[in-house]
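The values are calculated or read from the model by the stated rules, or taken from the named source; none is laboratory data. Just so it is clear, the model here is predicted, and its values are computed rather than measured. All Cβ positions, even for glycine, are placed from backbone atoms using ideal geometry, and neighbour counts span all protein chains on display. Keep in mind that these areas ignore ligands, DNA and RNA; they rest on the heavy atoms of the full protein, side chains included. Shrake-Rupley method; radii C 1.70, N 1.55, O 1.52, S 1.80 Å.
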Amino acid sequence: MIGAWAFAELMILLMIALADGPREYLLAVPMVPMLGVTMIIGRRIALACACALAALLCLTAGLTMWDEVTALPPVLIFPVAFIIASALAGMAALDGGFVSRQTSVVDPLTGLLNRVALQTRTTELAAQARVNGERVALTVVELDRFRRVAAEHGSATADAVLAEIARRLRMELGADSTVFRFDGGTFVVLGSGITRASAIATAERLRDAVCASAIDDVAVTVSLGIAVYHGEDFDFAELYTRGAAALDLAQTAGGNRVCLAPDGPTAAPPLAAAPERGERSALTAQLGDDWTARLRTATDGTALIPNRIDRAHAVDALARTRPLTTATAAVLGAAIVLSSFWANWLMLVPAIGGVLAWEITNRLVPRVRRPEYPVFAGLVAVLAAGGLWIAAAGPVGVFALPALAIVVLGGCSGFPKLGAVLLALIGVATTVAAGMAVGAADTAAGPVVLALAIVFVIGFAVMGEVMGRTARDHRVTAITDPLTQTLNHAALDARIPAFEQLAVDRALSLVLVGLADRRPDAVRDAAARLRGAVHPFDPIYRVGPHEFAVLLSDVEDDRAQKVADRIAAAIGDEDAAVGVASVPAGDVCCLDMLFAEAAAAQRAAGRSTGERPMVAA
């Protein structure tokens, strides 16, 4: 790959050396392959390649256009800066993809599964509900006055509070429930086979566990909203809306309490019976019928960001790639300052304005509900400031036109298609306006200069949108096997620390299922039967082309054997070899060892076809 890139760059430099006419306008072209290779190779190699290319560009310019460079040094200053900046921008976009992969399953602060995993889990639940028809209970848990905690005690303390709440929730829940971090101070608990009464009891237990003691000298309370579903047509959106509405009622009543939504999808949810929770009818009348619209508005996307997954990707990428974007801005800023010696010093004013606009944007993002709007406005402000800076630079500004393409690249990598198209159009309009302002007569006489800058903007916009779309798609598909719609090996890897922590005081069992028929249709059919044989909240992982793993928390080996028997009966004794391994509560759990024991039992079962599943000794 590096060899192909080096060959392409050498051909471009040769083209510049042999070209007729004003060759200085072509000096920015090498940044295009530089950007492409940066998104593939490692960071250190990319920086080394960028420095080497910048040196070769200086050598080419010195040998072929010495008079032009000495008369107007910005002719070379800007292209060298663009090469370094494009490498840094490419690394920032690549890091945004890495961030998406790292946060696709697990919330890094609390160690809980995040809302992307929740979305995937609800798809699996819908498939299992059609088979089992079991009750599903959803509990929305939210830290009361979370913003006040952050404002009074600082973000570090707020993070510690959230992490400890997550730990307490996780340790209090049984094997039939899973907790997810949904957003900010909000958590979602999903449980199956649970009645309304047991859901209330579990919620009260969770509330007591969280409020049992202060966290970092901060007294915390939580409010909980419950919704219970029973039927075959599982609709998570409707279930969550009812649970969130019940949470809204609990918080309106003062917080630190539990509310239960009725089974109907449209009725206003009353409070769960409790002495301190107030009059049910008065609170329902106070809220009225508009709670559904308000809650749906809170969870819907916008024209720029269609859903919360894309919003999370944009915010994560913006925050975690800030050092690289700052370095990119510093390189371009150094080029502007150096070029000011041969241009109008007033060109620094719009450049400083663009930096301030982006700094304000970064400060607004964590504080607003819809961060895509200030981010988009900040990018537009930076493009406008760039256009004004180029126009104020005079003849020097024409060599700075490709800088707008680098801004468009960063913006398009964070927004879905509509936002990327709008940014590209604004970038093209700004490029045309700045090019005409620099010199309309020169631009009309030599339109190739402006055309080249427009091509840069459009090309970088397409590359940024593709990179961002790939990263966003990975957030959704990273944990799901496309053939069977079960969880995949990456999801299992992400959950290993949580399973090993649960095994400290709970039994952990593993059922490993190997299929004899390896055809895709047979594997898909076996996965469907497997879902029908296990509990709806027992996670199923496809860990090999024809192998599945079922992890059972708080299940001893005798109960795990019964689960394995059901699996073997559902799939067919002749079609599957099933192995079981268990770790008693309190024993040191190593999931690799557990898998090895289950695999040995599975191999033994495969050699004794027709007998019941084998249990590891």
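For the stretch 301-404, which whole percent of the accessible surface, found with a 1.4 angstrom probe, sits on carbon and sulfur atoms?
The C+S portion of the solvent-accessible surface of the stretch 301-404 is 74 percent.
If I model a spin label at residue 18 and residue 338 as a point 7 Å from the Cα along the Cα→Cβ vector, what separation in nanometres do I get?
Taking the simple label geometry, residue 18 and residue 338 are separated by 2.9 nm.
Read phi for every residue in the stretch 331-348 and hand back ³J(HN,Hα) as whole Hz from Karplus 6.51 cos²θ - 1.76 cosθ + 1.60, θ = phi - 60°, with x for Gly and Pro.
So the J values, rounded to whole Hz, are 5, 5, x, 4, 5, 5, 4, 4, 6, 4, 5, 10, 9, 7, 5, 5, 5, 6.
Report the Cα centroid-to-centroid distance between the stretch 137-155 and the stretch 209-250 in angstrom, as an integer.
Answer, in whole Å: 13.
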